[in-house]
There are 4 protein chains.
Amino acid sequence: MTVRAAVAGASGYAGGEVLRLLLGHPEVEIGALTGHSNAGQRLGGLQPHLVPLADRELQPTSAEVLAGHDVVFLALPHGQSAAVAEELGPEVLVVDCGADFRLGDAADWEAFYGSPHAGTWPYGLPELPGKRAALQGTRRIAVPGCYPTAVSLALFPAYADRLAEPEAVIVAATGTSGAGKALKPHLLGSEVMGSMSPYGVGGGHRHTPEMIQNLSAVAGERISVSFTPTLAPMSRGILATCSAKAKPGVDAAAVRAAYEKALAGEPFLRLLPEGQWPSTAAVYGSNTAQIQVTLDAAAGRIIAISALDNLTKGTAGGAVQSMNIALGLPEETGLSRVGVAP
Amino acid sequence: MTVRAAVAGASGYAGGEVLRLLLGHPEVEIGALTGHSNAGQRLGGLQPHLVPLADRELQPTSAEVLAGHDVVFLALPHGQSAAVAEELGPEVLVVDCGADFRLGDAADWEAFYGSPHAGTWPYGLPELPGKRAALQGTRRIAVPGCYPTAVSLALFPAYADRLAEPEAVIVAATGTSGAGKALKPHLLGSEVMGSMSPYGVGGGHRHTPEMIQNLSAVAGERISVSFTPTLAPMSRGILATCSAKAKPGVDAAAVRAAYEKALAGEPFLRLLPEGQWPSTAAVYGSNTAQIQVTLDAAAGRIIAISALDNLTKGTAGGAVQSMNIALGLPEETGLSRVGVAP
Amino acid sequence: MTVRAAVAGASGYAGGEVLRLLLGHPEVEIGALTGHSNAGQRLGGLQPHLVPLADRELQPTSAEVLAGHDVVFLALPHGQSAAVAEELGPEVLVVDCGADFRLGDAADWEAFYGSPHAGTWPYGLPELPGKRAALQGTRRIAVPGCYPTAVSLALFPAYADRLAEPEAVIVAATGTSGAGKALKPHLLGSEVMGSMSPYGVGGGHRHTPEMIQNLSAVAGERISVSFTPTLAPMSRGILATCSAKAKPGVDAAAVRAAYEKALAGEPFLRLLPEGQWPSTAAVYGSNTAQIQVTLDAAAGRIIAISALDNLTKGTAGGAVQSMNIALGLPEETGLSRVGVAP
Amino acid sequence: MTVRAAVAGASGYAGGEVLRLLLGHPEVEIGALTGHSNAGQRLGGLQPHLVPLADRELQPTSAEVLAGHDVVFLALPHGQSAAVAEELGPEVLVVDCGADFRLGDAADWEAFYGSPHAGTWPYGLPELPGKRAALQGTRRIAVPGCYPTAVSLALFPAYADRLAEPEAVIVAATGTSGAGKALKPHLLGSEVMGSMSPYGVGGGHRHTPEMIQNLSAVAGERISVSFTPTLAPMSRGILATCSAKAKPGVDAAAVRAAYEKALAGEPFLRLLPEGQWPSTAAVYGSNTAQIQVTLDAAAGRIIAISALDNLTKGTAGGAVQSMNIALGLPEETGLSRVGVAP
């Protein structure tokens, strides 16, 4: 099979990572690349690491340019995907790396994004219960947010086995690429290096309802989430420290068993041996999420921690993995479980 | 007044930071400097930033060498301070940057440090209720741990006003200097840069009982603490994200008021204007702890975040601040509220 | 003496560093602070490390605002200083952190900056032969560029003693704060971290003629300079690796002697003991330049390396040092030789 | 073809990178993995990014363990390769990532390494004139040093066309992984982050004679090299800034033409478009060396700059590339030209 793929938003970090992975995907041929303010420029000046595409010229993002491909990856600002997708026709596989189609609840969308809800597409996190099946054969995929991916993978085993109380407390650190290429003062290297800082504290981060949605679906009850994201002095990676009170009677063995069961057979989830904890360095550039869990008996809490690459498993790798499922390709095609370290 | 000060453990990070501050302290004259494996070496090769002391030779750590000073700072491995202090006599001000005398409960000490409890000294965190008075005139000071400093300062206003339930959840990121100069593989630059990783997860970190001690004393009830430390790719700084469920009926105004009241007049605590959050970069090299708090109404939690420099306010700055109080000097002498940024 | 000082451009990195130093200067009272696009904002949101000035409001940069001060520091974009200075009157000490008045040769200025030459002011690098005397009593100071400071300090001893051939080859690494707060894509943290990259290669960097000017004046002959700046993944610091062929017959002892003689007695220059090399970490936040030199006998070249903090000794510290000289204050007032490390 | 490969020194950075690449090599099956102090441990705790090999146990490095493979990669400390290689027999392809067999001149070896010269093997830098042919069918490969790779690739076109005078001046920055996993104080994260520092200044670095050997062979005359390595705050990457005086009459067009000619058709060398300069971020984890050159007319020097990943093209990637040639596989097999960025 040769799949012809276009990427809209090829000059950004998400689009660039999609392209990095597609360049190593044996079944994909890269077609149109589009940009907005960068249309007309060659990709080599914008994404100098994508050597084989250096001479490709960015075209404007339009239905004409994107037509004629089997798959179209959208790496656009929030709110722009619906219009593009509509024009592409139902037979084209549209993989949206943006937020537009992630949430099932229109009220949540409107509360957090401030615009009308565009709809809900099959959710590209195949490791969550029921999601893999829904992706098979689909022609529309909503790629999850990077934080919801990290948090959902860390906590779903605990909630699937009803081990945890319905109040999760999450503090996550992200590399700066999670904020994209927007030119904002606090993202300057001079500001970021040597500094940890929080943002979106107190429930305001847009990924919060997505976490609640995912965990609640698994738990069969409404899970409240206290989510504090922090910006770390690194380019890539998310470390999500997630905890919830253990339900009465839950012991360490039950916790371990739940995680072993839930993660078994998942090619891109790695439950570490007991005593070893994840690090973002170990998953750099890979599609693996490393996960560890323990029970803090004194505090009565389950602590689950995941590490993943926000651009790979957290965005573009998850997108390619879901594309593989949708197209009937082996799920691991073109994706590596191996990080680039040190 | 001229205070003659010695520093035991002058080749390490804590000892080096004590010396950096003492070099700028108008009332202090620096006397003996000691080391262990580095005895006999000049300081310039070990601490090249301490230019005025470059030609000073490290002596072995012994009572003879440390005798004859008004103040002795101990920056030694845990468990070594008691023997040295005993020989120094009661009229010498001994400021212990180690853990030996921080805990009031011998059982806690033995459980977490695995050795007999040496005792309890006045606790060098003057901003906590009652602590400043206890430091006045003392000749023994236990300098708090860096994490307990950050966490206690972030949460004591909430507990002092009985606003929070007695279960605190804390995730903190530290710069690598918090781990000292020990040669361990996971502290190599190649491992640390670009990586976030947790350690001591699940209640095992030795700073946990110290946090419980401090918060419980303020709250008047036992506070349980779930503490997860993480190692961040930076040399200095702690960002502590602390939360607890708000007690019923607590609103945002009450939270704000509690913090304004508790931090008022404290020279080294800065409650940021609403909407502005701390960053470790802003306190680099300074003795300031920047603090912000909010109420997450949806999750029902108070979120308090502090940023400080683990070596300054978290260790050596707190030590000098407490020394000033003990000696009757103005508390701010030789300490800066201004960070080195960017 | 109380000196009342204003800072124009207080929201930038150079202006912020001037303020950091002035806050610790015992003879200075900080007056007006001005900004351009940030006028009307409080400094605390822009420079959160400058705690004591957090509530100060930025005023627009104008002669009215800046009038009535003893000293005015200009930290403005190139080309804006002359107009401001002219309005301030000859009795006010104007310290220009910009490039406008550094070059003695109008043709050099016009070739590299593309605008008419505004003039030449006493050059604020007192360690160079003759410069200290010229600064005494002056009311106009041109603060040197950060790279020319690092390079001139590394090489002037060799040229003063006629030890080196007149062709210098320089490769320097700078922290990102050297590029200022301008919002440019290549300065984003995501781009900078983990990356070394050159810029201005081949003779085009504007600091090149300033290096040539300084070294030629010392050498008494025209020195050609090949200068390659590189951007390093750190916020602060310059490491300048400078070399030139040794003149015939020059040996290692002559080189060492020249540096010992030239740097003797200079409070802010530190010639390291033989075998120890500078690092930017050791001078972080300090006004010290650390210097080392050797003779590579096989290649026949003198290699001199300096490390300094581009914002301190390389800009604001040099500015304050020169101000002290101009005002007749002890040269070290308010400046530290001690770095913040690790 | 299925090639069975063993890796001696699998717990180090070079060995880890060889394994990372072999895991993606379609013709290789990974056999024995050996370590020294880590023998008996599972690889997952030492190289957590190599997920598919996590359960593999390290064996001691011995001829028995390494026997029975088609290829043996040696990633051992200098001086240990000869004894191992001798026992492996002439039909096994031995790829030595160490220095032992790189130099053709025994006196050079003895002067810089202080031990008897073990011999000279075909040199694994196929892009240099004559080297690719010598690698075909060989059963012994000396993998070049990381710095000599970066420097030779940057300068060989200039010397091949006799454009440059025989005195090269080189300043290179390396990521810390270039220093390996040895536990040395100056390699701690606390020391490295935020710091640039030189080492081995003045001609003493062991890679110097290797650069001289390579450039002299290309130039047909003895090239002297002044080489200053610096340690940069990043895990990976080398940026080599190389210059030499242009021979009389050489102009920019001749320089450009020489580089275009020399780099044409090389899969892993990328001469950037004029005006674009290399960065180490763009080659992170890839086998590409990005190169740019210009003529500084004022200084009369050719400035050539290369960026590569010290562990990939600078070590393990070069090793695999040379293995491919030796075995008759397509040279690009298992190697990517695409970097992981940002």
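The values are calculated or read from the model by the stated rules, or taken from the named source; none is laboratory data. Predicted model, so just to flag it, every value in this text is computed and none were measured. Every residue, glycine as well, gets a Cβ built from its backbone with ideal geometry; the counts of neighbours run over all protein chains shown.
Below is a table of values for the structure above.
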| read-out | value |
| --- | --- |
| Tabulated pairs, region D:1-24, first within 12 Å of another protein chain (Cβ to nearest Cβ), second of a type in the set (Lys, Arg), C-beta under 7 angstrom, 6+ apart or interchain | D:12/D:181; D:13/D:181 |
| Only listed residue being surrounded by fewer than 24 Cβ atoms within 10 Å (Cβ to Cβ) and either at pLDDT 95 or above or farther than 26 Å from residue B:180 by Cβ (or both), chosen from B:244, B:254, B:232 | B:254 |
| Condition met for residue B:260 (within 10 Å of another protein chain (Cβ to nearest Cβ) and of a type in the set (Asp, Glu)) | no |
| Complete set of residues in region D:173-196 that are at the interface with another protein chain (Cβ under 7 Å from one of its Cβ atoms) and either at positive phi or surrounded by 24 or more Cβ atoms within 10 Å (Cβ to Cβ) (or both) | D:173, D:176, D:177, D:188, D:189, D:190, D:191, D:192, D:193, D:194, D:195, D:196 |
| So residue A:111, is it at pLDDT 95 or above, within 24 Å of residue A:311 (Cα to Cα) and either in contact with a helix residue (DSSP H, G or I) (Cβ under 8 Å, 6 or more places away or on another chain) or within 14 Å of chain D (Cβ to nearest Cβ) (or both) | no |
| Residue match in region D:83-91 (condition: outside any loop (DSSP other than H, G, I, E, B), at pLDDT 95 or above, within 19 Å of residue D:322 (Cβ to Cβ) and of a type in the set (Val, Ile, Thr)) | no |
| Test: residue in region D:35-43 that is assigned to a strand (DSSP E or B) and either in contact (Cβ under 8 Å) with a residue 40 or more places away in the chain or more than 14 Å from chain A (Cβ to nearest Cβ) (or both) | yes |
| Residue within region B:318-340 that is on the phi < 0 side of the Ramachandran plot and free of Cβ contacts under 8 Å to residues at least 40 places away in the same chain present | yes |
| All strands (runs of 3 or more DSSP E) inside region D:125-239 with 1 or more residues being free of Cβ contacts under 8 Å to residues at least 60 places away in the same chain, over 30 Å from residue B:192 (Cα atoms) and out of contact with any helix residue (DSSP H, G or I) (no Cβ under 7 Å at 6 or more places or on another chain) | D:140-142, D:224-231 |
| Qualifying position, being of a type outside the set (Ser, Thr, Tyr) and within 14 Å of chain D (Cβ to nearest Cβ), among C:134, C:150, C:160 | C:150 |
| Residue match in region C:100-113 (condition: under 30 Å from residue A:187 (Cβ atoms) and outside the structural domain of residue C:259 (by the TED database)) | yes |
| Residues that are more than 10 Å from chain B (Cβ to nearest Cβ) and either among the polar types (S, T, N, Q) or more than 19 Å from residue A:257 (Cβ to Cβ) (or both), drawn from region A:270-282 | A:276 |
| Count - residues of region B:236-265 that are more than 23 Å from residue A:169 (Cβ to Cβ) and touching a Gly at 6+ places or on another chain (Cβ under 9 Å) | 1 |
| Hey, residue D:341 surrounded by 23 or more Cβ atoms within 10 Å (Cβ to Cβ), outside the structural domain of residue D:94 (by the TED database), within 26 Å of residue A:19 (Cβ to Cβ) and modelled with pLDDT of 95 or more or not | yes |
| Any hit, region B:77-94, residues being at negative phi and within 14 Å of chain C (Cβ to nearest Cβ) | no |
| Residues located in region B:315-335, provided they are among the aliphatic types (A, V, I, L, M) and either touching a Gly at 6+ places or on another chain (Cβ under 7 Å) or part of a helix (DSSP H, G or I) (or both) | B:316, B:319, B:320, B:323, B:325, B:326, B:327, B:335 |
| Qualifying residue in region C:302-314 (condition: more than 18 Å from the chain's Cα centre (by Cα), more than 22 Å from residue D:228 (Cα to Cα), in contact (Cβ under 8 Å) with a residue 60 or more places away in the chain and not in a strand (DSSP E or B)) | no |
| Hits in region C:293-318 - residues which are basic (Lys, Arg) and at the interface with another protein chain (Cβ under 7 Å from one of its Cβ atoms) | C:301 |
| Any chance residue D:32 is part of a loop (DSSP other than H, G, I, E, B) and crowded, with 17+ Cβ neighbours inside 10 Å | no |
| Output for region A:327-338, where each listed residue is buried (at least 21 other Cβ atoms within 10 Å of the Cβ) and either over 24 Å from residue A:134 (Cβ atoms) or more than 14 Å from every other protein chain (Cβ to nearest Cβ) (or both) | A:336, A:338 |
| Leading residue by the ranking (surrounded by the fewest Cβ atoms within 10 Å (Cβ to Cβ)) among those in region B:258-282 that are of a type outside the set (S, T, N, Q), in contact (Cβ under 8 Å) with a residue 60 or more places away in the chain and assigned to a helix (DSSP H, G or I) | B:261 |
| Criterion (of a type in the set (Gly, Ala, Ser), assigned to a loop (DSSP other than H, G, I, E, B) and free of Cβ contacts under 8 Å to residues at least 12 places away in the same chain) met by exactly one of A:285, A:249 | A:249 |
| Yes/no for residue A:290 being in the same structural domain as residue A:178 (by the TED database), crowded, with 22+ Cβ neighbours inside 10 Å and touching a Pro at 6+ places or on another chain (Cβ under 7 Å) | yes |
| Residue D:290 within 13 Å of chain A (Cβ to nearest Cβ), assigned to a strand (DSSP E or B), without any contact (Cβ under 8 Å) to a residue 60 or more places away in the chain and not basic (Lys, Arg) | yes |
| Those residues of region C:207-250 which are over 21 Å from residue C:97 (Cα atoms) and facing another protein chain (nearest Cβ under 7 Å), in sequence order | C:224, C:225, C:226, C:228, C:230, C:232, C:233, C:234, C:241, C:243 |
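Yes or no, residue by residue, for (1) farther than 16 Å from residue C:15 by Cα; (2) surrounded by 19 or more Cβ atoms within 10 Å (Cβ to Cβ); (3) basic (Lys, Arg):
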{"site": "C:48", "(1), (2), (3)": "no, yes, no"}
{"site": "C:51", "(1), (2), (3)": "no, yes, no"}
{"site": "C:59", "(1), (2), (3)": "no, no, no"}
{"site": "C:66", "(1), (2), (3)": "no, yes, no"}
{"site": "C:74", "(1), (2), (3)": "no, yes, no"}
{"site": "C:86", "(1), (2), (3)": "yes, no, no"}
{"site": "C:90", "(1), (2), (3)": "yes, no, no"}
{"site": "C:94", "(1), (2), (3)": "no, yes, no"}
